[in-house]
Each structure stands twice: as C-alpha cells, then as structure tokens.
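One structure is given here, and the rest of the page talks about it.
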Amino acid sequence: MDFKLSDDQLMIQEMARDLANKVIMPRADHLDKTGTFPMENVKVLAENGLLGIPFPEAYNGAGADYVTYVVALEEISRACASTGVTMSVQTSLASAPLNMFGTEEQKRKYLAPLLEGKTIGAYSLSEAGAGTDAASLKCRAVKDGDDYVLTGTKMWVSNGFYADTYLVYTTLDPELGHKGITAFIVEKGTPGFTFGKKEEKLGIRGSSTYELIFDGCRIPKSNRLGYEGQGFKIAMWTLDGGRIGIAAQAIGIAQAALDASVSYTQERKQFGKPLAANQAIAFTLAEMATDIEAARLLMYRAASLKDQGQNHTQAAAMAKLFASETAMWVSTKAVQLHGGYGYTTDYPVERFMRDAKITEIYEGTSEVQRIVISRQELTEAR
Ligand code: CAA
C-alpha cells in the first residue's frame, strides 16, 4: 500500500494550487456576495486543461486518472466552492457519462468541446417531486418517428443557465419505474426548452441553479444517451463518480476553514496570549485536521477504485458522507474559533459554513449515502 501521490499527480496538484491561490481565491468573495457565475474562472480552468483531466486525449482530455482530478478539484474548491461545483458538474456529471455511454458521434460533437471548456455541461435528474426518490421522475419522453418529444419540468440543475449541453433524464412511461428512465443530450436553444426559476441559495451562491422547462421539445434519436430504459443506471453510475467529486469539494472547503482557523488563532490574542496557546483551541485544530485527513483518504480510496475499474459505489458514498459532514463540522468550528468576527462577512469562514451545507444535500443527501452504504453491508456476501 502506497499513500503517496505520483509525480504527475503532484505536478497537477501544484499547478491547481497555484492557480487557486493566485486567480480563483481572490474572486471568491465577490462571486459569493454578488451571486455571479464564475465564467472567468471556467475560462482559466479550461486554459489550463483542468476541465478534461480524467478523459482520453483523443477527445481533448488530459489522459490522466480520477485521483488526479479529485486532487485538482480539492484545490479549486478550497479557493472557491462555487467554482468547484461548476468544475465537478462539468467533469463528473456531464463529461463522464458521455465518455462512458456516448456513441463516437456524440463524443466528437458533445464531449470534445466540454473537455476543452468550449462548452459547459449540466446534469438534470431531479424534479419537484423526485429528489431522493429519483426513479419516480415524471418528465416524459414520447417517441415520435425518429425523434422523442420531451415534456416536463426539472429542478435544481447546477450550471443551469450557463450550460450548452444538458443530460436530461426522462421517463418513457412512469408505470415502468426506473426501467422506463431514458437519458437525452439536449442542446441549449432547442425549441420547447426554456428556463424557469433561478434558485436563490444559502451557499455556493456563484453557482447557477435553475429550473428547466420542456414543452414539446423535440430531440433526435441520435441524441439519446444509451438505450431506452438505461437512463437510471446511467444516472446512478454517474453519481458514483460525482459523489467522489463532492467529497473533494467538501474537503477543499474544510481545508480552507482549517487554514483560516490556524492563522486566526495564532494572530488573535486574548488574556495576553494567542488563542492557539490554549490547549482547548489547539486540540480543536487537531481534531479538524484529523477528520480532514481521514476524509481525504476515503476520497483517494474511492477514486483509486474507480481508476482500477472496481466497484466503488459504497466507497464513493462513504467518502461523500464523511467528507461533507466533516466540512460542516469543521466550518462551524471555524466560525466559533473566530468568535464575533467569524459571524461577519469580513472573514471568509461564514461563507465556508454556508458553502459546506450543500455538500450534505446534493448528489444524494447524507441519508441517501447511508442507504447506499447500509444496503451494501446488508447484502454483501461475507
Ligand atoms: N450503478 C449502476 N446501477 C445501479 C446503481 C449504481 N450505483 N445503483 C442502483 N443501480 C441499479 C440497480 O441495480 C437496479 O437495477 P435492476 O433493477 O436491474 O436490479 C436499479 O438501478 C434500481 O436500483 P434501486 O432499487 O437501488 O433504486 P432505488 O429506487 O431504491 O434508489 C437510491 C436508490 C440510492 C435512493 C437512488 O434513488 C439515489 O441515489 N437517490 C438520490 C438521487 C441523487 O443523488 N440525486 C442527486 C441529483 S444530481 C445533483 O445533485 C447534482 C448537483 O446539483 C451538483
């Protein structure tokens, strides 16, 4: 067992860290306060090849592995969680299923520009009545000759308004349950596809979250991803990888909260000495650091299993569960360590706390991760 990153992985980590510190971090506060989509950051990620890390060079990818991707994503998320989720949705939720299930034509047309950052991708599974119970979705696809006609409303779509390429999960017949779910590649601007409500959110305020409305939206058969009825498995396969990405985002947020706390508790003096000179404070920092490192190891393990082509459903759920709950705990502690200052917008820790919360919710709530983990424990032959 080797716990070291390879030279190539370390090189990408250093590059992402440098970019994060110099370019992404200085913009994070403004993006949060104004609720601005990080388009400039997306361009920077694209220019540096960070939007195509774990994909074949034949489609403009970097030909690296998933471990390298999550290492880079952690660095970007440490600087700006809104940029982190944008990168994560682009990579894990849009590009990965296109690479895995797409036809050669779909890969050339849709995957290659996503990997170069010429286009932005989105993943649209959830609906008002189908969040955790994803298989109960109602957005309908009706076959009509060589086309399908989509009708229904999707919700909480990240990269929502700014995407060019949407992977939309529909049902051919709700009576079929998960066996009727079918995925389509939908281009922005397709007649019958419009935007609904923009969500105003507690955190990741720079990320774009929209409702999508399909009303008689005609999609050619050539834009069906996978076969009819394969959609649910594509969606779940995608989320297995996506959850490792959200673990990376959560770890980035937690690391940022720890870094801020380490600095502040050494600078801030009360009762004639720095806060960190009190053992209660130093021990809190120790617990924060330990949980972050444990989360990181779970994330590396899940990503490494994915790279080896092994089942990583449970490992991804464990990484996401532990990393997101760590991010919430660490960022809440960071606010506490900053006292009154931590509760103001003059310091970034309140943003970290707001940003951390979503990692316990999207790509499957912590309760969903517990379902996935426990089901495997209960059914696995031992
Ligand atoms: N990979 C491949 N196939 C899988 C799978 C996986 N990880 N998990 C399940 N399946 C298959 C099963 O084998 C089964 O197939 P068969 O019928 O052939 O045996 C089929 O899918 C149905 O599986 P389940 O019976 O387990 O399905 P379920 O209805 O009980 O659902 C669930 C299980 C885990 C609760 C699932 O619905 C789930 O993950 N829900 C949460 C959805 C979610 O995470 N949404 C996030 C939205 S995206 C987002 O948040 C993006 C963003 O903004 C950043």
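Tabulated results
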{"item": "Residue among A315, A356 that is more than 10 Å from the ligand (Cβ to nearest atom), part of a helix (DSSP H, G or I) and out of contact with any Lys or Arg (no Cβ under 6 Å at 6 or more places or on another chain)", "result": "A356"}
{"item": "Residue within region 332-341 that is under 17 Å from L202 (Cα atoms), more than 19 Å from the chain's Cα centre (by Cα) and away from the ligand (no atom under 16 Å from the Cβ) present", "result": "yes"}
{"item": "Options L137, L167, L239; residue that is within 26 Å of F322 (Cα to Cα), at pLDDT 95 or above and not β-branched (V, I, T)", "result": "L239"}
{"item": "Residues of region 1-38 classified as of a type in the set (A, V, I, L, M), part of a helix (DSSP H, G or I) and surrounded by fewer than 19 Cβ atoms within 10 Å (Cβ to Cβ), total", "result": "5"}
{"item": "Candidate set: region 155-164, residues that are surrounded by fewer than 23 Cβ atoms within 10 Å (Cβ to Cβ) and within 15 Å of the ligand (Cβ to nearest atom); chosen: the one farthest from V142 (Cα to Cα)", "result": "Y162"}
{"item": "Per-region count, region 45-79, residues farther than 25 Å from K22 by Cβ and either in a helix (DSSP H, G or I) or in contact (Cβ under 8 Å) with a residue 60 or more places away in the chain (or both)", "result": "6"}
{"item": "Residue tally, condition among the hydrophobic types (A, V, I, L, M, F, W, C) and buried (at least 24 other Cβ atoms within 10 Å of the Cβ), over region 39-66", "result": "5"}
{"item": "Options Y300, Y341: the member that is over 12 Å from Y66 (Cβ atoms), of a type in the set (S, T, Y), assigned to a helix (DSSP H, G or I) and touching a helix residue (DSSP H, G or I) at 6+ places or on another chain (Cβ under 9 Å)", "result": "Y341"}
{"item": "Pick from region 165-179, criterion in a helix (DSSP H, G or I) and within 12 Å of the ligand (Cβ to nearest atom), ranking: nearest to Y362 (Cα to Cα)", "result": "H178"}
{"item": "Residues (surrounded by fewer than 17 Cβ atoms within 10 Å (Cβ to Cβ), part of a loop (DSSP other than H, G, I, E, B) and of a type in the set (S, T, Y)) located in region 208-241", "result": "Y227"}
{"item": "Count of region 202-238 residues which are within 14 Å of the ligand (Cβ to nearest atom), touching a strand residue (DSSP E or B) at 6+ places or on another chain (Cβ under 9 Å) and not acidic (D, E)", "result": "16"}
{"item": "All positions within region 125-152 that are surrounded by fewer than 17 Cβ atoms within 10 Å (Cβ to Cβ) and either within 16 Å of the ligand (Cβ to nearest atom) or under 26 Å from the mean Cα position of the chain (by Cα) (or both)", "result": "A128, G129, T132, D133, S136, K138"}
{"item": "Single match in E350, E367 (criterion: exposed (fewer than 14 other Cβ atoms within 10 Å of the Cβ) and assigned to a helix (DSSP H, G or I))", "result": "E367"}
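The values are calculated or read from the model by the stated rules, or taken from the named source; none is laboratory data. Note that the structure is predicted; figures quoted are calculated from it, not measured. Note that each Cβ is placed from the backbone with ideal geometry, even for glycine, and that neighbours are counted across all protein chains shown.
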